[in-house]
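First the structure, in the form of structure tokens, and then the observations on it.
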Amino acid sequence: MTSNDSVQKAPAKDPWELPDVSGLVVGVLGGTGDQGRGLAYRLARAGQKVIIGSRAAERAQTAADELGHGVEGAENAECARRSDIVIVAVPWDGHGKTLEALREELSGKLVVDCVNPLGFDKKGAYALKPEEGSAAEQAAALLPDSRVTAAFHHLSAVLLQDPAVEEIDTDVMVLGEARADTDIVQALAARIPGMRGVFAGRLRNAHQVESLVANLISVNRRYKAHAGLRVTDV
Ligand SMILES: NC(=O)c1ccc[n+]([C@@H]2O[C@H](COP(=O)([O-])OP(=O)(O)OC[C@H]3O[C@@H](n4cnc5c(N)ncnc54)[C@H](OP(=O)(O)O)[C@@H]3O)[C@@H](O)[C@H]2O)c1
């Protein structure tokens, strides 16, 4: 018997064993837009404490009042400061500038980037190629003191915002460098009825996930749908 034989390997952790995130405060930068409002509404409806961020405090307040469910509104910087998890839901155009300005407020926070860098022309939507590889990698480069993850790219803001829709029938691909952080984001996705967070790799593979939205937009246009995605056999 070698010395290696006697070393007992710890049993692999069940990947569906996720932490309790119900007590964490979730901020949404750009939370006055369709995607931000939709996510804020779903999470708040599931019992999460949510703060909507905006470049203007009063716009955030108005949106928060409209959403109800205890949602609060604040300027983006205050939203980031007061939140444990911060979802980035601003347009790709304003992504870099917004994050650069919030580096200090986002320090130590779990950042969830859902930004899809897309262009649109006569042929429809197409994926842009950010210099850093993806929006999520740009966020990681700009926020060295934050824990950057990527998720919630493939959701329909229309379905998220529709109070008549009880369940959001989709998986959410979650990417990041630290398993503890992606577990938290998976657990957050799972707070929303019908939704499941699935680990989908490190940030260097975020570009494909962000780009896939161009394909989903084509699906939605052809079939007049609000398509989601399911990863099978997991
Ligand atoms: N819509 C969807 O179905 C969907 C689905 C998945 C992912 N996403 C991603 O989520 C992000 C937001 O999408 P959206 O449709 O909600 O966009 P949006 O409505 O155009 O923008 C969201 C909010 O961002 C703020 N904003 C606008 N321009 C900005 C700038 N230059 N710098 C900083 N903030 C700015 C605005 O809030 P204030 O004026 O109040 O600051 C706006 O209400 C996008 O990156 C998109 O790729 C969208």
> Just checking, which of 60, 10 is out of contact with any Phe, Trp or Tyr (no Cβ under 9 Å at 6 or more places or on another chain) and within 16 Å of the ligand (Cβ to nearest atom)?
Replying inline: 60
> Hey, among 206, 187, which residue is touching a helix residue (DSSP H, G or I) at 6+ places or on another chain (Cβ under 8 Å), touching a residue at least 12 places away in the same chain (Cβ under 8 Å), assigned to a helix (DSSP H, G or I) and under 22 Å from residue 109 (Cα atoms)?
Replying inline: 206
> What number of residues within the range 43-67 satisfy the criterion of being open to solvent by less than 10 Å² (accessible area, probe 1.4 Å) and not aliphatic (A, V, I, L, M)?
Replying inline: 3
> Can residue 72 be described as out of contact with any Pro (no Cβ under 9 Å at 6 or more places or on another chain), open to solvent by 20 Å² or more (accessible area, probe 1.4 Å) and either of a type outside the set (Asp, Glu) or free of Cβ contacts under 8 Å to residues at least 40 places away in the same chain (or both)?
Replying inline: yes
> So which residues in the range 127-138 are assigned to a loop (DSSP other than H, G, I, E, B) and touching a Pro at 6+ places or on another chain (Cβ under 9 Å), if there are any at all?
Replying inline: 128, 129, 130, 134
> How about the range 139-161: which of its residues are in a helix (DSSP H, G or I), more than 14 Å from residue 92 (Cβ to Cβ) and touching a strand residue (DSSP E or B) at 6+ places or on another chain (Cβ under 8 Å)?
Replying inline: 140
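Quick one: count up the residues across the range 6-30 that are of a type outside the set (Val, Ile, Thr) and not in a loop (DSSP other than H, G, I, E, B).
2
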> Going through the range 118-158 one residue at a time, which ones are of a type in the set (A, V, I, L, M, F, W, C), surrounded by fewer than 22 Cβ atoms within 10 Å (Cβ to Cβ) and under 18 Å from residue 188 (Cα atoms)?
Replying inline: 157
> Wholly within the range 75-126, which strands (runs of 3 or more DSSP E) include no fewer than the required count, namely at least 2 residues that are away from the ligand (no atom under 11 Å from the Cβ), of a type in the set (A, V, I, L, M, F, W, C) and at pLDDT 95 or above?
Replying inline: 85-88, 110-113
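The values are calculated or read from the model by the stated rules, or taken from the named source; none is laboratory data. All figures in this text were calculated on a predicted structure; none of them were measured in a lab. Virtual Cβ from ideal backbone geometry, glycine too; neighbours counted across all protein chains shown. Calculation scope for accessible area: heavy atoms of the full protein, side chains included, ligands and nucleic acids excluded. Shrake-Rupley method; radii C 1.70, N 1.55, O 1.52, S 1.80 Å.
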